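Written below as structure tokens is the structure these notes are about.
The values are calculated or read from the model by the stated rules, or taken from the named source; none is laboratory data. Just so it is clear, the structure is predicted and the values come from calculations on it, not from any experiment. Note that each Cβ is placed from the backbone with ideal geometry, even for glycine, and that neighbours are counted across all protein chains shown. All accessible areas refer to the heavy atoms of the entire protein, side chains included, with ligands and DNA or RNA removed. Shrake-Rupley method; radii C 1.70, N 1.55, O 1.52, S 1.80 Å.
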Amino acid sequence: MAKEYGEVQLFGVGGSPYARRVRIALEMKGVQYTYFEEDLRNKSDLLLKYNPVHKKVPVLVHNGKPLAESLVILEYIDDTWGNHPILPQQPYDRALAQFWSRFIDDKCLPAITKAAFTANKEERDNSAEESLEALQFLENELKHKFFGGETIGLVDIAAGFIAFWLPAIEEAVGLKLLSCEKFPKLHKWGQEFTNHPVVKENLPPRDKLVGFFKARYASITASK
Amino acid sequence: MAEEVVLLDFHPSMFGMRVRIALAEKGVKYVHKEENLRNKSPLLLQSNPIHKKIPVLIHNGKPICESLNIVQYIDEFWTDKAPLLPSDPYQRAEARFWADFIDKKVDEAGKGIWASKVDQHEMAKKELKESLKKLEEVLGDKPYFGGDKFGFLDVALIPFHQWFFSYETVGSFKLDCPKLTAWAKRCVERESVSKSLASEKYIYEFVLGHRKVSELD
């Protein structure tokens, strides 16, 4: 029986981990959608109309109604299309999943980004410390194959940055955070995640990503 | 089954107030523990080892952290009365989006005034005014952000309204948001809200104390 999806559009950018999260969720649920690649230096009128508050990607538009902020979008997708749930059923487990996905966005990702892309060495070192602490919390939290258990869930999708973008950043700037000696579970999880059949199809080309990060690093260190 | 519900809290905290309101809306009995944030209890450090912050709801020994998570949890667990989140997925997502906006924009801008030196105030005041204007647009002519019913987004924002007096006094300016003022009056008529909010005076005393200790003036 064909599922009634309505009209689903996604505005994103190829290299954005946040946009990729939404694509993974939609693909996992088999939702048909139209993808629009944005140029962030020249944002489309549609993007500005659909996300006037933050003017960012990703934006999901479902039957003409827009939503922004990737974690909000992921929960909406799960609420709307019930197959392959990405959030747990029980309220306590749901609260934990929401807590960890926020932790990834509010603590982990900013620390990692600062550890790589700050001109000031002291700030970089402090952020590297913070990143290692954050990764340790995640390492301790990982009790199964995935954060979601035997299948990928909200936290895995949110943590995709660590599985794919972080190694690319590490290569581009000569940083080492996610070592398999320090974080054996997380390291293994990263490999499982990136090899997951749906995720594999929804990652940007690695060499392009490394190139992008190299350029970003060069512009920061050059402006010192 | 006897539920054991404990709230680790701090009276002037807008985040703590959110949880108090949600628990009151649902008629949940709980044990309230006031934390001294300069000397955090072992229970707090053990229940929220990552952020070490209040509020923390401990339900039958299991801790839940982050105020919006807690409010959502309360809504999902105690379902017999006062639904806070809308039942429609899109409206639910909108409520979450704007609650996140409050945490990212209103709180940050507010901190840029009450917890910052005077030279940082100009930028923060501008951002705060803009953010509140956007929220007034979201409210529109509805009695509550939740529509006809008091809901999640109302719970998320009303504690911040108690802080407006402190923002205005520390920042020496007036927040011109008549729609929010009218909305706040409506919210405070609810017993769950009025008995959960810290008074403007109490909050201001806390802010003054903090500014003194942190040598911000």
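With every protein chain kept in place and ligands, DNA and RNA left out, what is the accessible area per residue of chain A? Probe 1.4 Å, answer in Å². Let's see the in-between values first.
Values: 10610 Å² over 224 residues.
Result: 47 Å² per residue.
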Check your understanding: Looking at segment B:15-50, which residues lose a minimum of 30 Å² of accessible area between their chain alone and all protein chains in place, measuring with a 1.4 Å probe and not counting ligands or nucleic acids?
Key -> B:50
Exercise for review: Divide the volume of the convex hull of the Cα atoms of segment A:97-192 by its number of residues and quote the answer in cubic angstrom per residue.
Suggested key: 81 Å³
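Quick check: convex hull of the Cα atoms in segment B:83-173, volume per residue, rounded to a whole Å³? Show your work: numbers first, answer last.
Numbers: hull volume 7.9 nm³, N = 91.
Enclosed volume per residue, from the Cα hull, is 87 Å³.
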Review point. At a 1.4 Å probe, what is the % contribution of carbon and sulfur to the accessible area of segment B:64-217?
Key: 51 percent
Check your understanding: Whole number please: convex hull volume per residue of the Cα set in segment B:173-217, in Å³?
Key -> 85 Å³
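Indicate, rounded to the nearest 5 percent, the antiparallel portion of the DSSP beta bridges found entirely in the protein assembly as shown.
On the way: 18 of 26 bridges.
Percent antiparallel among DSSP bridges in the protein assembly as shown is about 70.
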Practice item. Order these peptides, A:86-94, A:127-135, by their mean beta-carbon neighbour count within 10 angstrom, highest first. Key: A:127-135, A:86-94
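Note down the magnitude of the dipole of chain B about its Cα centre, charges +1 on Lys and Arg C-beta and -1 on Asp and Glu C-beta and zero elsewhere, to the nearest 20 debye. If you can, show how the numbers build up before the last one.
On the way: 33 positive and 33 negative charges, 63 e Å.
That gives chain B a dipole magnitude of about 300 debye.
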Review point. What do you get for Rg/Rh over chain A if you use C-alpha atoms and the Kirkwood form of Rh?
Key: 0.96
Study note, to complete from the structure: If each part is reduced to its alpha-carbon centroid, segment B:97-165 and segment A:8-69 end up apart, in Å, by 26 Å
Check your understanding: How many Å² of accessible area per residue for segment B:101-217, probe 1.4 Å?
Key -> 51 Å²
Practice item. Calculate, axis by axis, the spread of Cα positions in segment B:141-200 along the three principal axes, and write the results as whole Å, longest axis first. Key: 35, 26, 16
Exercise for review: Pop out a list of residues from segment B:76-103 that are at least 10 Å² less accessible with all the protein chains around than in their chain alone; 1.4 Å probe, no ligands or nucleic acids counted.
Suggested key: B:76, B:77, B:89, B:90, B:92, B:93, B:96, B:97, B:98, B:100, B:101
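Could you state how much accessible area is buried at the B-A interface, both sides summed, with a 1.4 Å probe, in Å² to the nearest 100?
Numbers: alone 11530 and 11790 Å², together 20950 Å².
Adding both sides of the contact gives about 2400 Å².
About its Cα centre, how strong a charge dipole does the protein assembly as shown have in debye, to the nearest 20, once Lys and Arg get +1 and Asp and Glu get -1 at the Cβ? Could you put the intermediate results ahead of the total?
Numbers: 62 positive and 63 negative charges, 104 e Å.
It works out to roughly 500 debye.
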Exercise for review: For chain A, build the charge dipole from Cβ charges (+1 Lys, Arg; -1 Asp, Glu) around the Cα centre, then report which of A:80, A:40, A:100 sits farthest towards its positive end.
Suggested key: A:40
Study note, to complete from the structure: Counting only protein heavy atoms with a 1.4 Å probe and every protein chain in place, the carbon and sulfur fraction of the accessible surface of chain A in whole percent equals 50 percent
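Using only helices, what value at 222 nm comes out for chain A when you add -39,500 (n - 2.57) per DSSP H run of length 4 or more and divide by the total residues, to the nearest 500 deg cm²/dmol? Mind showing how you got there, number by number?
Values: 11 runs with 117 residues, N = 224.
It lands at -15500 deg cm²/dmol.
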Exercise for review: Averaged over every viewing direction, what's the projected area of the C-alpha convex hull for the protein assembly as shown? Give it in nm², one decimal, please.
Suggested key: 22.8 nm²
